[in-house]
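Student: Before I ask anything, here is the structure I am working with.
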Amino acid sequence: MDAPAAHRTRWQLRAGSLVLLTTVCSLVFTAPAHADPEEGPSDPPSVEVPTSNPPPPTEEPTTGPPPTTEAPPTTRPPTKPPPPSPTPTHNLKLSVSDIVVGDAYWQGDGAAELVIAVQNIGSHVGADQVNGFYVLPSGAQPVGVYGTAGCVVTDVKALSFGCRLGEGKVGRVVVKVNVDENAWKLSGPGTVTASVRDTEHNRDLVRSRNFTIRFTAQPPTPGIALSASQLELPAAAAPQAQTAQLQVKLRNTGAAKGAGAVELVTPPGVDVVSFPAACRSHRRIAEDRDRCDLGDLTAGREVAATFGLAISAAAREQLPLTGAVHGYLTPAGRPAVETRADYRITGPPIAGESPLPTDAPASPAPVPLVGGTGAARRDDSDSNLLSSEQLSSAPFVVGIVGLVAVVGFLVVLSLRRRMSGAGRDDDDELSEDEVEEVVLVPAGELPAAPMPRSPIPRSITLPRLPPGPVAGSGFRHSDGSFRDPGRDDDDRLPETS
């Protein structure tokens, strides 16, 4: 192939590669990121071509009556009425723990917790909203609160809460309290009330539970000792009134004689109905408090007294219950010494009932109690944004890969052409004096054939050497002539004078 043809072929390859690169990039970058699988080439609407059919032959009128066509009888399967939709039933279960303090309370640590457990026991209601509030007993101050499993605190000052619970789900509210140093001398229970809205009957179903401050250890009071028995009620198939016997023991551990007395604090629904003979006198101090005077107790003397208690059906349903006994010993001429002992009324649950767990769950991370957290929403939005960016960058990645492939193909093709034509001197470009001017001549007037072109380019034509030997070009013979390495031995240059 001559030089102009090779030059033209090389530029054609480069132009074709450029067109191929432009086509690939335009196809990749203009392609949609997501192709709708439902979209596709729709079939062209079918056009009905009218055919020229001959009109149907007219029938001759007949004198008989027209034939009657009767439709075959159709038998429909009997349709069953749809089953009635189940009636939603709203209901809830409520359990409350006592505010329990231990030995640390007598060293000045009054930190304790109140746990409220709520369960949605309705049927066919889905998620139900339970609202409630609580009232703390005297001597307990709230210092913090949190909810778990759908329960949130709606108003901290009003001590109210709300739980959004599905069927069978249990939610808990934990109230952190501080018990005053003199709270053990006070009486009075606390209450928790929860309700759920019954939309079918347009009413609220209300549940209420009582609790109190319970001390697991007696105050370190010298000179007096007090104990109270723990009551276990027999099993019952249904909530019903029951009776129990509470035994109280008071002992004078001091060195002086003193007047002894006990006061019984009963939980709501429990009353003292009988007093022992050891009581010299007794009287009702408050609705939930009765006093029994035991008379003088000498040093080391102990008095045992048994009191009869009546537990109502409503109180039996709320077991366990906590009560307290306060003991007093007043030596002659000295102030009274007071101590306290708590008692509990327990029993097996009613048939079909099971108490809810009232242990305090772990405190969650400090997040807003109402609504979702912004961190979770940011995480979701960031993940969605990342997915969309990955999907939208796919065409650019494919385009870059295609561009690199095309450039690599062009580089390899160019290297192969250079390696195949490395022996040529005019591989890159022809000189101006090598380009021949094309002259158009009429037919029949063709010029004479040009002389054959010298294979040696003009740019490297050597100048003609002058006649005679050139220094260093050969050797002088013995006869005085020179020998040229490029000539035969017969061609000798004559010696010049």
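Student: Within the range 111-163, count every residue that is under 22 Å from Ala183 (Cβ atoms) and open to solvent by less than 40 Å² (accessible area, probe 1.4 Å).
Tutor: Counting residues in the range 111-163 that are under 22 Å from Ala183 (Cβ atoms) and open to solvent by less than 40 Å² (accessible area, probe 1.4 Å) gives 12.
Student: I'd like to verify a number: residues in the range 86-109 that are in contact (Cβ under 8 Å) with a residue 24 or more places away in the chain and outside any loop (DSSP other than H, G, I, E, B), how many?
Tutor: Keep residues of the range 86-109 that are in contact (Cβ under 8 Å) with a residue 24 or more places away in the chain, which gives 86-103, 105-106, 108.
Those left that are additionally outside any loop (DSSP other than H, G, I, E, B): 89, 92-96, 99-101, 103, 105-106.
Going through the range 86-109 one residue at a time, the tally reaches 12.
Student: If you don't mind, there's one more thing I want to ask. If Lys93 satisfies all but one of (1) within 26 Å of the chain's Cα centre (by Cα); (2) open to solvent by 30 Å² or more (accessible area, probe 1.4 Å), what's the number of the condition it fails?
Tutor: Single failed check for Lys93: (1).
Student: All but one of (1) open to solvent by 20 Å² or more (accessible area, probe 1.4 Å); (2) of a type in the set (A, V, I, L, M); (3) modelled with pLDDT under 95; (4) under 25 Å from Leu186 (Cα atoms) hold for Ala351; which doesn't?
Tutor: (4)
Student: Just checking, does the range 140-147 include any residue being more than 18 Å from Leu356 (Cβ to Cβ), free of Cβ contacts under 8 Å to residues at least 24 places away in the same chain and among the aliphatic types (A, V, I, L, M)?
Tutor: There is no residue in the range 140-147 that is more than 18 Å from Leu356 (Cβ to Cβ), free of Cβ contacts under 8 Å to residues at least 24 places away in the same chain and among the aliphatic types (A, V, I, L, M).
Student: Tally up the residues in the range 187-231 that are farther than 22 Å from Ile99 by Cα and of a type in the set (Gly, Ala, Ser), please.
Tutor: Going through the range 187-231 one residue at a time, the tally reaches 3.
Student: Taking the range 172-230 only, how many residues are part of a loop (DSSP other than H, G, I, E, B) and either of a type in the set (Asp, Glu) or touching a residue at least 40 places away in the same chain (Cβ under 8 Å) (or both)? Before the answer, list the steps.
Tutor: Filtering the range 172-230 down to residues part of a loop (DSSP other than H, G, I, E, B) leaves 180-182, 186-189, 199-202, 212, 216-223, 229-230.
Restricting the remaining residues to those that are either of a type in the set (Asp, Glu) or touching a residue at least 40 places away in the same chain (Cβ under 8 Å) (or both) gives 180-182, 186-189, 199-200, 212, 216-223, 229-230.
Number satisfying all stated conditions: 20.
Student: Here's something else I'd like to know. So which residues in the range 241-259 are of a type in the set (Ser, Thr, Tyr) and outside any loop (DSSP other than H, G, I, E, B), if there are any at all? Lay out the reasoning, then the answer.
Tutor: Residues of the range 241-259 that are of a type in the set (Ser, Thr, Tyr), as a first pass: 243, 253.
Answer for the range 241-259, where residues must be of a type in the set (Ser, Thr, Tyr) and outside any loop (DSSP other than H, G, I, E, B): just Thr243.
Student: Follow-up. Give the residues of the range 174-215 that are open to solvent by 80 Å² or more (accessible area, probe 1.4 Å), among the basic types (Lys, Arg) and more than 23 Å from Asp290 (Cα to Cα), sorted by residue number.
Tutor: Of everything in the range 174-215, those that are open to solvent by 80 Å² or more (accessible area, probe 1.4 Å), among the basic types (Lys, Arg) and more than 23 Å from Asp290 (Cα to Cα) turn out to be Arg197, Arg203.
Student: Can you give me the number of residues within the range 322-351 that are hydrophobic (A, V, I, L, M, F, W, C) and either in a loop (DSSP other than H, G, I, E, B) or over 21 Å from Asp288 (Cβ atoms) (or both)?
Tutor: Taking the range 322-351 as the starting set, the residues that turn out to be hydrophobic (A, V, I, L, M, F, W, C) are 324-325, 329, 332, 336-337, 341, 345, 350-351.
Next cut, either in a loop (DSSP other than H, G, I, E, B) or over 21 Å from Asp288 (Cβ atoms) (or both) only: 329, 332, 336-337, 350-351.
Going through the range 322-351 one residue at a time, the tally reaches 6.
Student: Could you grab me the full set of residues in the range 260-299 that are aliphatic (A, V, I, L, M), assigned to a strand (DSSP E or B) and buried (at least 17 other Cβ atoms within 10 Å of the Cβ)? Lay out the reasoning, then the answer.
Tutor: First, pick out the residues of the range 260-299 that are aliphatic (A, V, I, L, M): 261-262, 264-265, 270, 272-273, 277-278, 285-286, 294, 297, 299.
Filter again for assigned to a strand (DSSP E or B), leaving 261-262, 264-265, 270, 272-273, 285-286, 294, 297.
Across the range 260-299, the qualifying residues are Ala261, Val262, Leu264, Val265, Val270, Val272, Leu294, Leu297.
Student: Is it the case, given these coordinates, that Ala228 is at pLDDT 95 or above, of a type in the set (A, V, I, L, M) and either crowded, with 17+ Cβ neighbours inside 10 Å or more than 30 Å from Gly110 (Cα to Cα) (or both)?
Tutor: Numbers: at pLDDT 95 or above: yes; of a type in the set (A, V, I, L, M): yes; either crowded, with 17+ Cβ neighbours inside 10 Å or more than 30 Å from Gly110 (Cα to Cα) (or both): yes.
For Ala228, the condition - at pLDDT 95 or above, of a type in the set (A, V, I, L, M) and either crowded, with 17+ Cβ neighbours inside 10 Å or more than 30 Å from Gly110 (Cα to Cα) (or both) - is met.
Student: On to the next question. In the range 216-223, is there at least one residue being at pLDDT 95 or above and open to solvent by less than 50 Å² (accessible area, probe 1.4 Å)? Break it down into steps so the answer makes sense when it comes.
Tutor: Looking only at the range 216-223, we keep the residues that are at pLDDT 95 or above, and these are none.
So far as the range 216-223 goes, no, none of its residues is at pLDDT 95 or above and open to solvent by less than 50 Å² (accessible area, probe 1.4 Å).
The values are calculated or read from the model by the stated rules, or taken from the named source; none is laboratory data. Given the structure is predicted, the values throughout are model-derived calculations rather than measurements. So basically every Cβ, Gly included, is an ideal-geometry build from the backbone, and we count neighbours across all protein chains shown. For accessibility, only protein heavy atoms count, side chains too; no ligands or nucleic acids. Shrake-Rupley method; radii C 1.70, N 1.55, O 1.52, S 1.80 Å.
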